[in-house]
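Please read the structure below before turning to the comments.
The values are calculated or read from the model by the stated rules, or taken from the named source; none is laboratory data. As the structure is a computational prediction, the values presented were derived from the model and not from experiment. In this analysis, Cβ positions are derived from the backbone assuming ideal geometry, glycine residues included, and neighbour counts consider all displayed protein chains. Keep in mind that these areas ignore ligands, DNA and RNA; they rest on the heavy atoms of the full protein, side chains included. Shrake-Rupley method; radii C 1.70, N 1.55, O 1.52, S 1.80 Å.
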Amino acid sequence: MARVSQEHLDARRRQILDGAALCFARNGFHATSMQDVLKEVDLSAGAVYRYFGGKEELIGAIVTEVLAEVGDAFEAAVGQNPPPPPDVIVGRVMGRMLGLRPGMTHEGVSVFPRLIIQVWAETLRNDELSKALDEGYAKVRTAWVRLVERYQETGMMRADVPAESVARTMIAAAQGFVAQMALFGAAPVEVLQEGLRGLMSMGGPAPTDPNRSPAG
(Lines give C-alpha, C1' and ligand atoms only; values in the text may rest on other atoms or scores of the structure.)
Protein backbone atom coordinates (compact mmCIF):
# COMPACT_ATOMS: atom_id res chain seq x y z
CA MET A 1 0.00 0.00 0.00
CA ALA A 2 1.44 3.42 -1.01
CA ARG A 3 2.46 5.63 1.88
CA VAL A 4 0.75 9.03 1.97
CA SER A 5 3.27 11.89 2.13
CA GLN A 6 3.19 14.54 4.84
CA GLU A 7 2.78 17.15 2.11
CA HIS A 8 -0.40 15.44 0.96
CA LEU A 9 -1.75 15.27 4.53
CA ASP A 10 -0.97 18.95 5.12
CA ALA A 11 -2.62 19.97 1.83
CA ARG A 12 -5.75 17.98 2.67
CA ARG A 13 -5.96 19.56 6.12
CA ARG A 14 -5.56 23.01 4.53
CA GLN A 15 -8.33 22.23 2.05
CA ILE A 16 -10.71 21.24 4.85
CA LEU A 17 -9.93 24.29 7.01
CA ASP A 18 -10.38 26.73 4.14
CA GLY A 19 -13.64 25.13 3.05
CA ALA A 20 -14.99 25.16 6.60
CA ALA A 21 -13.99 28.82 7.02
CA LEU A 22 -15.93 29.73 3.89
CA CYS A 23 -19.02 27.91 5.14
CA PHE A 24 -18.88 29.48 8.60
CA ALA A 25 -18.36 32.98 7.19
CA ARG A 26 -21.20 32.69 4.66
CA ASN A 27 -23.84 30.95 6.75
CA GLY A 28 -22.83 31.27 10.39
CA PHE A 29 -21.53 28.61 12.71
CA HIS A 30 -24.84 27.14 13.81
CA ALA A 31 -26.44 27.18 10.37
CA THR A 32 -23.50 25.24 8.91
CA SER A 33 -23.61 21.48 9.15
CA MET A 34 -20.77 19.05 8.65
CA GLN A 35 -22.60 18.00 5.49
CA ASP A 36 -22.20 21.55 4.22
CA VAL A 37 -18.47 21.35 4.89
CA LEU A 38 -18.21 17.98 3.12
CA LYS A 39 -19.96 19.43 0.08
CA GLU A 40 -17.75 22.53 0.07
CA VAL A 41 -14.49 20.57 0.14
CA ASP A 42 -15.82 17.73 -2.03
CA LEU A 43 -14.55 15.00 0.30
CA SER A 44 -16.07 11.99 2.00
CA ALA A 45 -17.04 12.03 5.66
CA GLY A 46 -14.25 9.59 6.45
CA ALA A 47 -11.65 11.83 4.82
CA VAL A 48 -12.74 14.86 6.84
CA TYR A 49 -13.25 13.11 10.18
CA ARG A 50 -9.75 11.70 9.88
CA TYR A 51 -8.54 15.22 10.66
CA PHE A 52 -11.34 16.82 12.67
CA GLY A 53 -13.97 15.39 14.97
CA GLY A 54 -16.61 18.03 14.24
CA LYS A 55 -17.43 21.71 13.87
CA GLU A 56 -15.96 22.68 17.23
CA GLU A 57 -12.58 21.23 16.33
CA LEU A 58 -12.67 22.93 12.95
CA ILE A 59 -13.42 26.39 14.27
CA GLY A 60 -10.92 25.92 17.10
CA ALA A 61 -8.19 25.03 14.60
CA ILE A 62 -9.04 28.04 12.43
CA VAL A 63 -8.93 30.44 15.40
CA THR A 64 -5.65 29.03 16.71
CA GLU A 65 -4.03 29.26 13.28
CA VAL A 66 -5.12 32.85 12.56
CA LEU A 67 -4.08 34.13 15.98
CA ALA A 68 -0.71 32.39 15.65
CA GLU A 69 -0.17 34.16 12.32
CA VAL A 70 -0.99 37.53 13.87
CA GLY A 71 1.25 36.93 16.89
CA ASP A 72 4.17 35.80 14.72
CA ALA A 73 3.86 38.91 12.53
CA PHE A 74 4.04 41.25 15.53
CA GLU A 75 6.91 39.32 17.11
CA ALA A 76 8.87 39.64 13.87
CA ALA A 77 8.33 43.41 13.96
CA VAL A 78 9.81 43.63 17.48
CA GLY A 79 13.16 42.41 16.16
CA GLN A 80 13.48 45.19 13.58
CA ASN A 81 15.60 48.22 14.41
CA PRO A 82 13.95 50.63 14.43
CA PRO A 83 10.58 48.85 14.64
CA PRO A 84 7.98 49.85 12.03
CA PRO A 85 5.55 52.55 13.28
CA PRO A 86 2.09 51.38 14.37
CA ASP A 87 0.30 52.35 11.16
CA VAL A 88 2.79 50.34 9.09
CA ILE A 89 2.76 47.20 11.24
CA VAL A 90 -1.03 47.19 11.70
CA GLY A 91 -1.56 47.66 7.97
CA ARG A 92 0.96 44.93 7.20
CA VAL A 93 -0.64 42.42 9.56
CA MET A 94 -4.19 43.32 8.51
CA GLY A 95 -3.29 42.94 4.85
CA ARG A 96 -1.67 39.62 5.63
CA MET A 97 -4.78 38.38 7.40
CA LEU A 98 -7.15 39.51 4.66
CA GLY A 99 -5.03 37.74 2.06
CA LEU A 100 -4.02 34.83 4.28
CA ARG A 101 -5.49 32.15 2.04
CA PRO A 102 -6.33 32.81 -1.61
CA GLY A 103 -9.23 30.37 -1.35
CA MET A 104 -10.84 32.12 1.63
CA THR A 105 -12.88 34.56 -0.45
CA HIS A 106 -16.53 34.82 -1.44
CA GLU A 107 -17.40 36.68 -4.63
CA GLY A 108 -13.89 38.09 -4.68
CA VAL A 109 -13.99 39.48 -1.12
CA SER A 110 -12.07 38.11 1.88
CA VAL A 111 -14.29 36.24 4.35
CA PHE A 112 -11.92 36.96 7.23
CA PRO A 113 -13.96 39.81 8.82
CA ARG A 114 -17.22 37.81 8.72
CA LEU A 115 -15.43 34.75 10.07
CA ILE A 116 -14.00 36.69 13.00
CA ILE A 117 -17.46 38.01 13.96
CA GLN A 118 -18.79 34.43 13.95
CA VAL A 119 -15.90 33.33 16.15
CA TRP A 120 -16.40 36.13 18.66
CA ALA A 121 -20.09 35.27 18.98
CA GLU A 122 -19.37 31.57 19.45
CA THR A 123 -16.81 32.16 22.23
CA LEU A 124 -19.62 33.50 24.42
CA ARG A 125 -21.11 29.99 24.68
CA ASN A 126 -18.21 27.66 23.85
CA ASP A 127 -15.74 27.32 26.73
CA GLU A 128 -13.11 25.47 24.69
CA LEU A 129 -13.18 28.06 21.93
CA SER A 130 -13.11 30.85 24.51
CA LYS A 131 -9.98 29.31 26.01
CA ALA A 132 -8.30 29.10 22.59
CA LEU A 133 -9.20 32.73 21.88
CA ASP A 134 -7.90 33.85 25.28
CA GLU A 135 -4.57 32.10 24.70
CA GLY A 136 -4.22 33.55 21.22
CA TYR A 137 -5.16 37.04 22.36
CA ALA A 138 -2.62 36.84 25.18
CA LYS A 139 0.11 36.04 22.66
CA VAL A 140 -0.87 38.96 20.44
CA ARG A 141 -1.11 41.34 23.41
CA THR A 142 2.31 40.26 24.71
CA ALA A 143 3.83 40.85 21.27
CA TRP A 144 2.21 44.31 21.09
CA VAL A 145 3.46 45.22 24.58
CA ARG A 146 7.00 44.33 23.53
CA LEU A 147 6.57 46.37 20.35
CA VAL A 148 5.36 49.43 22.30
CA GLU A 149 8.29 49.05 24.70
CA ARG A 150 10.62 49.10 21.68
CA TYR A 151 8.92 52.31 20.49
CA GLN A 152 9.50 53.85 23.90
CA GLU A 153 13.13 52.67 24.08
CA THR A 154 13.93 54.18 20.69
CA GLY A 155 12.15 57.47 21.42
CA MET A 156 9.39 56.86 18.86
CA MET A 157 6.68 57.01 21.51
CA ARG A 158 6.32 58.82 24.82
CA ALA A 159 7.39 56.65 27.73
CA ASP A 160 4.99 57.92 30.39
CA VAL A 161 2.04 55.86 29.08
CA PRO A 162 1.84 52.18 30.14
CA ALA A 163 2.79 49.89 27.27
CA GLU A 164 -0.07 47.56 28.20
CA SER A 165 -2.61 50.37 27.69
CA VAL A 166 -1.22 51.28 24.28
CA ALA A 167 -1.13 47.63 23.25
CA ARG A 168 -4.77 47.06 24.17
CA THR A 169 -5.83 50.23 22.34
CA MET A 170 -4.01 49.27 19.15
CA ILE A 171 -5.58 45.81 19.23
CA ALA A 172 -9.00 47.40 19.79
CA ALA A 173 -8.50 49.63 16.74
CA ALA A 174 -7.73 46.63 14.55
CA GLN A 175 -10.66 44.65 15.98
CA GLY A 176 -13.01 47.56 15.41
CA PHE A 177 -11.89 47.90 11.81
CA VAL A 178 -12.55 44.19 11.25
CA ALA A 179 -16.02 44.60 12.74
CA GLN A 180 -16.76 47.57 10.45
CA MET A 181 -15.76 45.56 7.38
CA ALA A 182 -17.95 42.65 8.43
CA LEU A 183 -20.98 44.83 9.15
CA PHE A 184 -20.72 47.64 6.60
CA GLY A 185 -18.63 46.26 3.76
CA ALA A 186 -15.01 46.02 2.74
CA ALA A 187 -12.69 49.01 3.05
CA PRO A 188 -9.04 49.42 2.08
CA VAL A 189 -6.54 48.76 4.85
CA GLU A 190 -5.12 52.19 4.01
CA VAL A 191 -8.17 53.73 5.72
CA LEU A 192 -7.06 52.27 9.05
CA GLN A 193 -3.46 53.28 8.43
CA GLU A 194 -4.41 56.87 7.60
CA GLY A 195 -6.56 57.09 10.71
CA LEU A 196 -3.73 55.84 12.91
CA ARG A 197 -1.30 58.32 11.36
CA GLY A 198 -3.76 61.11 12.06
CA LEU A 199 -4.14 60.11 15.70
CA MET A 200 -0.39 59.73 16.16
CA SER A 201 0.16 63.26 14.82
CA MET A 202 -1.82 64.92 17.63
CA GLY A 203 0.31 67.18 19.77
CA GLY A 204 2.94 67.60 17.07
CA PRO A 205 3.44 70.49 14.65
CA ALA A 206 0.98 70.73 11.79
CA PRO A 207 2.45 69.63 8.46
CA THR A 208 3.46 72.42 6.14
CA ASP A 209 1.31 72.94 3.06
CA PRO A 210 3.79 72.91 0.16
CA ASN A 211 1.36 74.98 -1.94
CA ARG A 212 1.02 77.77 0.60
CA SER A 213 3.16 80.88 0.13
CA PRO A 214 5.14 82.03 3.16
CA ALA A 215 3.75 85.09 4.94
CA GLY A 216 5.52 88.37 4.51
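Here are a few things to note about the model shown:
- Within the stretch 1-59, tally of residues that are in contact (Cβ under 8 Å) with a residue 12 or more places away in the chain, of a type in the set (Val, Ile, Thr) and more than 16 Å from residue 114 (Cα to Cα): 4
- In the stretch 104-156, the qualifying residues are those that are free of Cβ contacts under 8 Å to residues at least 24 places away in the same chain and of a type in the set (Lys, Arg), and the one that is nearest to residue 25 (Cα to Cα) is 125.
- Subset tally (residues that are assigned to a helix (DSSP H, G or I) and open to solvent by 30 Å² or more (accessible area, probe 1.4 Å)) for the stretch 177-206: 12
- Residue selected from the stretch 165-216 under the condition polar (S, T, N, Q) and at pLDDT below 90, by the criterion farthest from residue 141 (Cα to Cα): 213
- When we screen 125, 96 for residues that are under 18 Å from residue 190 (Cα atoms), open to solvent by 70 Å² or more (accessible area, probe 1.4 Å) and either out of contact with any Asp or Glu (no Cβ under 6 Å at 6 or more places or on another chain) or charged (D, E, K, R) (or both), the only hit is 96.
- Restricting attention to the stretch 135-164, the residues that are open to solvent by 60 Å² or more (accessible area, probe 1.4 Å) and part of a helix (DSSP H, G or I) add up to 8.
- Taking first residues from the stretch 65-82 that are within 18 Å of residue 149 (Cβ to Cβ) and hydrophobic (A, V, I, L, M, F, W, C) and partners that are open to solvent by less than 60 Å² (accessible area, probe 1.4 Å) and outside any helix (DSSP H, G or I), the Cβ contacts under 9 Å between residues at least 6 apart in sequence or on separate chains come to 77/83; 77/84.
- Single residue of the stretch 120-170 satisfying the filter (of a type in the set (Gly, Ala, Ser) and closer than 19 Å to residue 67 by Cα) that is nearest to the chain's Cα centre (by Cα): 136
- Figure legend. Inter-residue proximity from the stretch 179-200: first residues of a type in the set (Asp, Glu), second residues open to solvent by 40 Å² or more (accessible area, probe 1.4 Å) and outside any loop (DSSP other than H, G, I, E, B), beta-carbon distance below 9 Å, spacing 6+ or different chains. No pairs are indicated.
- Some residue of the stretch 86-100 being free of Cβ contacts under 8 Å to residues at least 60 places away in the same chain and more than 14 Å from the chain's Cα centre (by Cα): no
- Exclusive hit being modelled with pLDDT under 90 and open to solvent by 60 Å² or more (accessible area, probe 1.4 Å), set 65, 69, 7, 40: 7
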